[in-house]
1. Relative contact order of segment 70-116: what whole-number percent is it, with Cα pairs under 8 angstrom and at least 6 residues apart?
2. Return the lysines within reach of residue 86: Cα separation strictly under 24 angstrom, same-chain partners fewer than 8 residues apart disregarded; answer none if there are no such residues.
3. Could you work out how much longer the chain between residue 45 and residue 84 gets when fully extended? Use 0.36 nm per residue separation minus the Cα distance between them, nm to one decimal.
4. If you count the DSSP beta bridges with both ends in the chain, what percent of them are antiparallel, to the nearest 5?
5. Summarise the accessible area of segment 1-101 (1.4 Å probe, protein heavy atoms) by the percent that is carbon and sulfur.
6. Using the heavy atoms of the protein chains and a 1.4 angstrom probe, tell me the accessible area per residue for the chain in square angstrom.
7. Each residue of segment 26-38 in order: what ³J(HN,Hα) in whole Hz does its phi give by Karplus 6.51 cos²θ - 1.76 cosθ + 1.60, θ = phi - 60°, with x for Gly and Pro?
8. What whole number of Å gives the distance from the Cα centroid of segment 73-87 to the Cα centroid of segment 1-53?
Amino acid sequence: QVQLVESGGGLVQAGGSLRLSCAASGSIFMLATMGWYRQAPGKQRELVASMTSGGRTNYADSVKGRFTISRDNAKNTVYLQMNSLKPEDTAVYYCNAVGRPSSWSSIGDYWGQGTQVTVSS
């Protein structure tokens, strides 16, 4: 199975920056897509940004121009650089990976435990 461990969350003032990291470990054959979702209290989980193994990115409109996703395929790690943070960015951020633990397994959807990001006004 694929395990995801996030780090880098915390408390920051509006306008500040944070960098999230997510390292995948365990049995990994292929990770097609890695990305970040977030869930604020009382709201549904939403996509923040994702990146394919080939480098194609997808961003939520609300974070375009402020957040940058990057990925180190050799380290099975994905990053999220968050700049110009706003109070509405406050949420639990979850790492997500879509891939296969082995060549004979089906594609699975894997999640990290989440890391809290709090932006104060």
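1. On the way: 41 pairs, mean separation 14.4, N = 47.
Answer for segment 70-116 is 31 percent.
2. Correct list for residue 86: 43, 64.
3. Length gained between residue 45 and residue 84: 11.9 nm.
4. Antiparallel bridges: around 90 percent, rounded to the nearest 5.
5. Working: 2350 of 5030 Å².
Ligands and nucleic acids excluded, carbon and sulfur reach 47 percent.
6. 52 Å²
7. Going residue by residue, I get x, 7, 10, 9, 7, 10, 5, 9, 10, x, 10, 10, 9 Hz, with x marking Gly and Pro.
8. With segment 1-53 and segment 73-87 each reduced to a Cα centre, they are spaced 7 Å.
The values are calculated or read from the model by the stated rules, or taken from the named source; none is laboratory data. None of the values given here were measured: they were computed from a predicted structure. Heads up, the Cβs are rebuilt from the backbone with ideal geometry, glycines too, and the neighbour counts pull from every protein chain shown. Only protein heavy atoms, including side chains, enter the accessible area calculation; ligands, DNA and RNA are left aside. Shrake-Rupley method; radii C 1.70, N 1.55, O 1.52, S 1.80 Å.
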